[in-house]
Each structure stands twice: as C-alpha cells, then as structure tokens.
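Each remark here refers to the structure printed beneath this line.
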Amino acid sequence: MKSPKILLIEDESTIRRFLKVSLESNSFEILEAVNGKEGISMAGSYRPDVILLDIGLPDVDGFEIIKKLREWSSTPIIVLTVHDREEEKVHALDLGADDYLTKPFGVPELLARIRVVLRRSSAEDGKDPIFRSGQFEMDRSAHVVKVSGKEVHLTSTEYDLLAVLVKHAGKVVTHRMLLKEVWGPYSVEHVQYLRVYMGQIRKKLKNSDKAPELISTEPGVGYRFLGGASD
Ligand code: CA
C-alpha cells in the first residue's frame, strides 16, 4: 500500500516540524501549508487522504476552511484546537470536520485518530450490514444488537441513537448531530433527552460489571462509540 498523504494546515512552525517528523517516521507523506489560502489550494491540487487543520490561522479562520472544503470534498478533516474551547470543537464537527485533537497531544493519540478516519473512509465503500467490535455486534439490516452473542433488547429510539454512533465508530458525534439524526432538525436543543437515553443504552449494553464501556462521554461536545470496525 502506498503511504497515505496528509495535508497539514498550520501556521506555527514548531508544531509543523514536530508533526512532520512524527508522521514521516510512521510512513505517512506530509504536505505542509502555512496558512488557510495555501491549505485550500493544496487540498485541491494534491488530493490528500487526511487533512490536519489548525483552527487558529492568520488569514482565513479554520471554520471557513471546513465550510469551503466541504463544498466539494469529503476528505476526512481532523481539527487541531486549543484546550478548553468546547464550543470550537462542536462548531467544527457540526460544519463537517471528522474529529479533533486538543493541543498539546501525543503522537500515539494523533496516529490513532488518523487511522480511524482512514479506515472509515475506506470502509464506506464496503457497506457491510454487520458491524463487529470486540464482543459487540450490530446487524444493521436486521436491526439486531448482540453483546457476547446475547441479543440486547433496545427500543427503536435507543437503536437509532446507537446506530448513529456506530456509523461514526471511533469518532465523536456531537449532541446536535445525534438529535438531528434521531428526532429531526427541530430537536437540536434537547440535550437532556440524550443523557437519559444514553444512560439506558449503556446499562443495556453492559452485561457484567467487568465489561468495558462501549460509549464514552465527551463533556460539552457529544458521545463516541469506542472501538472501530473489525477488519
Ligand atoms: Ca495557529
């Protein structure tokens, strides 16, 4: 397999250097853009497999870049953001970014996020109705969920919520995206619904005290189904 191409849009040279070294040593090919305008034009000419995008850029802000890219491109975008800016992360995800990393982040975390989005974009063509991750199994054609081979009885709303998380397995899904997908565009403010339903789903999925959590809460942002599709 040829090495995946990553476009890095970041104005800070220290961070660019750090990311270039780390990613190249993990056999990725790195293209660097030092501002937003350059980033957009390089995304068009080089067709990267993943875009790492700093939100705080000197010319065009990162949100504008996401909007512009999403007009024609579905290339996965991972946003690089600063600690404690929940609303920034939510906004970026709602505009179509795939995930985010909070600075400072470690290389293993960065590599894990990149692998998730790469696996997702290559799995999208496959469309296998059965999703498996560890002891968890979801048959999306039959609407059946099993944990350790035993069927888990979910209400249709619980199933729909879980299906949205599974569709984006490994990535965070914002409250707004979940509410919109399951209850429609007029429900996006009702975050408290989610808390109740997620509590129920978690309880049903956990068949023993020792079983690992399948869903993580990203405070102020949304939820993430842990673990990716088995390949
Ligand atoms: Ca910056």
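For the stretch 47-206, the residue among Gln135, Val164, Leu178 whose Cα projects farthest onto the positive side of the dipole built from Cβ charges is Gln135.
Of the listed residues Thr102, Thr14, Thr81, Thr217, the order by accessible area with a 1.4 Å probe, largest first, is Thr14, Thr217, Thr102, Thr81.
Looking at the chain, the accessible area is 52 square angstrom per residue; that uses a 1.4 Å probe and ignores ligands, DNA and RNA. Take Ser13: with every protein chain present and a 1.4 Å probe, its accessible area is about 60 Å².
The value obtained for the stretch 189-231, namely the Cα convex hull volume divided by the number of residues, is 95 Å³ per residue. Proximity of backbone amide H atoms, modeled 1.01 Å from N, is registered between Gly227 and Gly170 at under 5 Å, excluding neighbours fewer than 5 places apart on the same chain. Tell me the relative contact order for the chain as a rounded percent, counting alpha carbon contacts under 8 Å between residues six or more apart. Contact order relative to length: 14 percent. Per residue, the convex hull spanned by the Cα atoms of the stretch 5-125 amounts to 97 cubic angstrom. The loop-placed trypsin sites (Lys or Arg not before Pro) in the stretch 126-163, going by DSSP, that have at most 11 neighbouring Cβ atoms within 10 Å of their Cβ come out as Lys127.
Semi-axis lengths, largest first, of the ellipsoid equivalent to the chain are 32, 20, 16 Å, with √(5λ) applied to each eigenvalue of the Cα gyration tensor. Would you list which aspartates and glutamates come within 16 Å of Lys206, measuring only between C-alpha atoms, while excluding same-chain residues fewer than 8 positions from it? Straight-distance partners of Lys206: Glu137, Glu151, Glu158.
Quantify, in whole percent, the carbon and sulfur part of the accessible surface of the chain (1.4 Å probe; protein heavy atoms only). Summing carbon and sulfur atoms, their accessible area is 51 percent of the total for the chain. Distances between placed amide hydrogens fall under 5 Å for Leu57 paired with Gly62, all partners being 5 or more residues away or on another chain. DSSP bridge analysis restricted to the chain gives an antiparallel fraction near 50%, rounded to the nearest 5. Residue ranking by accessible heavy-atom surface, 1.4 Å probe, largest first, among Asp11, Asp98 comes out as Asp11, Asp98. Within the assembled protein chains, the solvent-accessible surface assigned to Ile66 is about 0 Å², based on a 1.4 Å probe.
For the stretch 191-199, what does the Karplus curve 6.51 cos²θ - 1.76 cosθ + 1.60, with θ = phi - 60°, yield as ³J(HN,Hα) per residue in whole Hz, taken in order and with x for Gly and Pro? Values, residue by residue: 4, 5, 4, 4, 4, 5, 5, 5, x Hz. Against the empirical curve 2.2 N^0.38 Å, the C-alpha radius of gyration of the stretch 149-227 lands at a ratio of 1.05. Test of understanding: in a Gaussian network model of the chain with alpha carbons linked when under 10 Å, which of Ile78, Ile40, Ile114 would top the mean-square fluctuation ranking? Residue with maximal mean-square fluctuation among Ile78, Ile40, Ile114: Ile40. Ligands, DNA and RNA excluded, the heavy atoms of His83 present near 120 Å² of accessible surface to a 1.4 Å solvent probe. The charge dipole of the chain, taken about its Cα centre with unit charges on the Cβ atoms of Lys, Arg (+1), Asp and Glu (-1) only, comes to about 740 debye.
The values are calculated or read from the model by the stated rules, or taken from the named source; none is laboratory data. Treat the numbers as computed from the prediction; the structure is a model and nothing was measured. Positions of Cβ are generated from backbone atoms using ideal geometry, with glycine treated the same way; all protein chains shown enter the neighbour counts. Surface areas here come from the heavy atoms of the whole protein model, side chains and all, with no ligands, DNA or RNA. Shrake-Rupley method; radii C 1.70, N 1.55, O 1.52, S 1.80 Å.
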